[in-house]
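The values are calculated or read from the model by the stated rules, or taken from the named source; none is laboratory data. In this text the structure is predicted, and so the values were computed from the model without any measurement. So basically every Cβ, Gly included, is an ideal-geometry build from the backbone, and we count neighbours across all protein chains shown.
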Amino acid sequence: MRSLSRRGGLAANARLALIPVLAVLAAMLPGTARQARADNPIVQTIYTADPAPLVHNGRVYVYTGHDEDGSTYFTMRDWRVYSTTDMANWTDHGSPMNLATFSWASSDAWAGHVIERNGRFYWYVPVNNRATGRKAIGVAVANSPTGPFVDAIGRPLVENGEIDPNVFLDDDGQAYLYWGNPNLWYVRLNTDMISYSGAATRIPLTTAGFGTRTGNTSRPTLYEEGPWVYKRNGLYYNVFAAECCSEFIGYSTAPGPTGPWTYRGTVMPRQGSSFTNHAGVIDFNGGSYFFYHNGALPGGGGFTRSVAVERFTYRSDGTIPTINMSTAGPPQVGTLNPFVRQEAETAAWSSGVETEPAASGGMNVGYVNNGDYLKVRGVAFGGGARSFSARVASGTTGGRIELRLGGPTGTLAGTCTAGATGGWQSWATVSCPVTGATGTQDLYLRFTGGSGYLLNVDWWQFTQ
Ligand code: FUB
């Protein structure tokens, strides 16, 4: 995979076997060439889809699917994890789970959901079952939110040809697995989270519960797919993708986890150059956040999607206001401390670069060309920084890291030069003096040098 700036556009003319009408409408919604201007979508190095946020220990993790470059179908082979403490700068944790995690799965690493219980993390995903050729729900488990995840049971947890699992853990300790397209199902999970009791039950899709769809008698309600069930102030919410295609996000509420549901209206209108959308809702640090996907990156569209996020405020009666897609994203929560080690793959925005697993663990930024940059939002330099260090590697002759403030060509606060290190995973630390970096500013690490790939960066840190 190479950087988005070098990606081809969308050729969205494939037919989707599961839901053929999606592909037809996809062809009518080509990807935009427009460059996102601010910090949405939150990932610029690859196409991501189907966000599932999780709050754990003061961090927001978002689990995503991964649309392959140039995809003309939902060609998805692995899942990704990103995290943040400030809703602005996101750390890339790579791919802790892929189709090979499930020996029985053949394809379609589609929309999943992660939930934590008793210190373990359970990732429910829809995949194609090789043996039956049908969609099934698998469950993987890990001891850390960033994995590694392993198949918990070695077979599908449930299988009825339907997709988009979502798990809700109620206050009384009962967990529910919801999923479905075209139906909406639930089953009661046991406390081990990898088995269930009772039969899968179909939630009645009534127009009172899920709104009225126009022009499709086989699917009379707005419910399409992607349920996201949660509880707030005693009220149960189900936020879902509605009325394909293109989809908008609607929601229903209920007095209990199994209903009866009442349709409440639109959360996010049809916007954003992707004929699907997929919602995830959390509260974090006093704010409420709505995750979704669109086709906003270059080459983006219905099969090359990108995850984005907005902050919102519930109305006083608990209803959800209409939320529009933005390129700015949410305001930053707090600031970023430059005087502790920061991973290079923590950024609010990147241009040109990619990420890859580092030999020493974690990820590094790589495939860096002249003019590429990383934006780190809201860096608190305070009284000033004196020097900058970075862990770098170069299999060629290296390059420079320009430290710029306020923009990729903003005030130059320092320049570090990195030479050859003998390999792309042969790491060395370079340092350089810094002037004029005071207060709280957006920091840009701008890479300059000759042609071809210049250097990799694992981490950086300023000294006071
Ligand atoms: O990403 C593949 C499928 O597209 C998901 O499972 C659906 O929710 C839709 O977003």
**Request:** Specify the residue that is surrounded by the fewest Cβ atoms within 10 Å (Cβ to Cβ); the eligible residues are those in the range 158-190 that are without any contact (Cβ under 8 Å) to a residue 40 or more places away in the chain and among the polar types (S, T, N, Q).
**Result:** Asn190
**Item:** Single match in Thr266, Thr253, Thr201 (criterion: among the β-branched types (Val, Ile, Thr), in contact (Cβ under 8 Å) with a residue 60 or more places away in the chain and surrounded by fewer than 24 Cβ atoms within 10 Å (Cβ to Cβ))
**Value:** Thr253
**Asked** Can you name every residue in the range 64-90 that is touching a Lys or Arg at 6+ places or on another chain (Cβ under 9 Å), away from the ligand (no atom under 12 Å from the Cβ) and modelled with pLDDT of 95 or more?
**Response** Asp69, Ser83, Thr84, Thr85, Asp86, Met87, Ala88, Asn89
**Request:** With respect to Ser144, determine if the residue is more than 14 Å from the ligand (Cβ to nearest atom), closer than 22 Å to Pro51 by Cβ and surrounded by fewer than 17 Cβ atoms within 10 Å (Cβ to Cβ).
**Result:** yes
**Message:** Against the definition (over 19 Å from the mean Cα position of the chain (by Cα) and not in a loop (DSSP other than H, G, I, E, B)), how does Tyr236 come out, yes or no?
**Reply:** yes
**Asked** If you check every pair at least six apart or on different chains, which have Cβ atoms under 9 Å apart with a residue in the range 287-313 that is at positive phi first and a residue that is surrounded by fewer than 24 Cβ atoms within 10 Å (Cβ to Cβ) and of a type in the set (Lys, Arg) second?
**Response** Gly299/Arg7
**Request:** Select from the range 273-298 the residues that are in contact with a Phe, Trp or Tyr (Cβ under 8 Å, 6 or more places away or on another chain) and outside any strand (DSSP E or B) and write down the one among them that is farthest from the ligand (Cβ to nearest atom).
**Result:** Leu297
**Asked** Residues that are under 20 Å from Glu345 (Cβ atoms) and without any contact (Cβ under 8 Å) to a residue 24 or more places away in the chain: which strands (runs of 3 or more DSSP E) entirely in the range 392-464 hold 3 or more of them?
**Response** none
**Request:** Return a yes/no flag: does the range 212-225 have any residue that is within 28 Å of the chain's Cα centre (by Cα), more than 16 Å from the ligand (Cβ to nearest atom) and among the small types (Gly, Ala, Ser).
**Result:** no
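So is Arg155 among the charged types (D, E, K, R), within 16 Å of the ligand (Cβ to nearest atom), in contact (Cβ under 8 Å) with a residue 24 or more places away in the chain and surrounded by fewer than 20 Cβ atoms within 10 Å (Cβ to Cβ) or not?
Taking the combined requirement at face value, the residue does not satisfy it.
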**Message:** Can you go through Gly361, Gly384 and tell me which one is assigned to a loop (DSSP other than H, G, I, E, B), small (Gly, Ala, Ser) and either within 18 Å of the chain's Cα centre (by Cα) or closer than 20 Å to Ser431 by Cα (or both)?
**Reply:** Gly384
